[in-house]
1. So Ser153 fits all but one of (1) of a type in the set (Gly, Ala, Ser); (2) modelled with pLDDT of 85 or more; (3) surrounded by fewer than 24 Cβ atoms within 10 Å (Cβ to Cβ); what number is the exception?
2. Output the residue which, of all residues in the stretch 239-289 that are assigned to a helix (DSSP H, G or I) and aromatic (Phe, Trp, Tyr), is surrounded by the fewest Cβ atoms within 10 Å (Cβ to Cβ).
3. Answer yes if at least one residue in the stretch 160-167 is more than 24 Å from Arg371 (Cβ to Cβ), among the polar types (S, T, N, Q), in contact with a helix residue (DSSP H, G or I) (Cβ under 8 Å, 6 or more places away or on another chain) and crowded, with 20+ Cβ neighbours inside 10 Å, and no otherwise.
4. Taking the stretch 120-157 as the region of interest, how many residues are over 19 Å from Gln426 (Cβ atoms) and small (Gly, Ala, Ser)?
5. Confirm whether Ser128 is part of a helix (DSSP H, G or I), polar (S, T, N, Q) and surrounded by 24 or more Cβ atoms within 10 Å (Cβ to Cβ).
6. Can you say whether Asp352 is more than 30 Å from Ile130 (Cα to Cα) and either among the acidic types (Asp, Glu) or in contact with a Leu (Cβ under 7 Å, 6 or more places away or on another chain) (or both), as far as the supplied structure shows?
7. Would you point out the residue of the stretch 404-420, among those that are of a type in the set (Gly, Ala, Ser) and within 25 Å of the chain's Cα centre (by Cα), that is nearest to Pro133 (Cα to Cα)?
8. Looking at the structure I just gave you, is Arg188 among the charged types (D, E, K, R), within 30 Å of Ala324 (Cβ to Cβ), at pLDDT 85 or above and surrounded by fewer than 24 Cβ atoms within 10 Å (Cβ to Cβ)?
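The values are calculated or read from the model by the stated rules, or taken from the named source; none is laboratory data. Worth saying up front: this structure is predicted, and the values here are computed from it rather than measured. A quick note on method: Cβ atoms are made from the backbone with ideal geometry, for glycine too, and the neighbour counts reach across all protein chains shown.
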Amino acid sequence: METTGFWMLGLVALTLIATGLPAFMALIGVAVLFAAIGVATGSFGYHLLTALPFRVVGLLENDLLQALPLYVFMGVLLNRLPLADVLFRTGTAMLRRSAAAPLLSALGLGAILAPMNGSVGASVATLSRIVQPRLLQRGVPPAKSLAVVCVASTLGVVVPPSLVLILLADAMMRAHTEAINATGLIARVVNTQDIFHGALVPAALFLAFCCLLGWRIGGRDARAIEPPKVTGSERLVSAVTVVFIVGLLAGVTAGYLYAVEAAAAGAVALVLFGILTRTLRVEILAAALRDTMAVTGALFALLVAATSFTLVFRAFETDRVLAALISGLPGGAAAAVIAVLLLIGLCAFVLDAFEIIFVIVPLVMPPLLTRASDAVWVSVLTLLALQASFLIPPVGYAVMMARTAMVQPVPTAALARSLLPFLGVQLLVLALTVAFPSLTHLLP
């Protein structure tokens, strides 16, 4: 019965593909089913399941989870307020001498909004509404404009202090603790700031390469039209926003601010912007709060479902089988890391970032970190692998979300050709990070 946990994972994947149910429903349903099977067959006792309430309470006492609804609220507000549109038009106007101005502005907007947006889906919704129509007006082909939107939407995976990065850092901290306890080594447990520091250089490399690609695409495909008109007040708002976001990023990364404080500051700033510009009407605020509660509730339900699933998974002792498989992989630590990254990439075709962080990371990372002790390096590689998997057509998460928002369908072959250079850059950064782990330790 030790391999039963693998059947649990397979059934979850099959349920998600066949039914389209939310992930938390599939996880909790499979967990309840196999818990009943385990108790009925005597694989484990009923008393083991009584640990579930304590596990859930222990997770919910984590202070970092306070940032979750704040990030979701910021993402919803950004999609409903005109701030993103102001930032995009200002960036395009400032770069008006280049035909690639809209593409570069789109990538810059994705990087600026990344620390504030709650998820890849929120970034896709905002950028599809604001950026894509203007790229099409500039003569950028639909497939290439969609590719730029997809890439810009995934920058929130690697640019700190985004929600995905915060939740992964917390999961890696727990996994690193388990690995240290299992090996008996004396080492400092990785923390959130360590992973923030580690992600900055690879994220900067990827953004720089993407800007070079955007400059090439824009210079070749875009046509010169009159730049958008931007008022002095919009320029001032854009400058203040950029300085504010960069300040929050620097404060959190340097450890002067906690992620919860930065998220609260960002939410308050967005509300003040809406009040001062008279764009945050009562009905918009009410709708934003409803959406925030719905998304936050779904994320917490996913957290509880994932906790239940992993408890039953470990009750069957499948975690020991998985640990033995990872420990027995030939080729040393680097080969084990690459194998786990491939597994995470395959899971990303079915699960989104939050589901992978809550379900897959707690299962595979503790045994992996017993072989590859550099938790920061492994964390950054996981982020890069997630980002790459979201961009693989036609099943990548960002690709599917962006295509859903398109008015006119884009052929998969054309989209794949447009995304190929960006995926090549992504794999290049991933390969450089695998070959040179010091890239994740350049910042003190």
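1. (3) is the only condition that Ser153 fails.
2. So the residue we want is Phe244.
3. Yes: the stretch 160-167 contains one or more residues that are more than 24 Å from Arg371 (Cβ to Cβ), among the polar types (S, T, N, Q), in contact with a helix residue (DSSP H, G or I) (Cβ under 8 Å, 6 or more places away or on another chain) and crowded, with 20+ Cβ neighbours inside 10 Å.
4. Start the filter on the stretch 120-157 by keeping residues that are over 19 Å from Gln426 (Cβ atoms), which leaves 121-122, 125-126, 128-142.
From the residues that got through so far, the ones that are small (Gly, Ala, Ser) too are 121-122, 125, 128, 139.
Residues that pass the stated criteria total 5.
5. Working: part of a helix (DSSP H, G or I): yes; polar (S, T, N, Q): yes; surrounded by 24 or more Cβ atoms within 10 Å (Cβ to Cβ): no.
Taking the combined requirement at face value, the residue does not satisfy it.
6. So Asp352 fails the test.
7. The extreme case among them is Ala405.
8. Against the criterion (among the charged types (D, E, K, R), within 30 Å of Ala324 (Cβ to Cβ), at pLDDT 85 or above and surrounded by fewer than 24 Cβ atoms within 10 Å (Cβ to Cβ)), Arg188 does not qualify.
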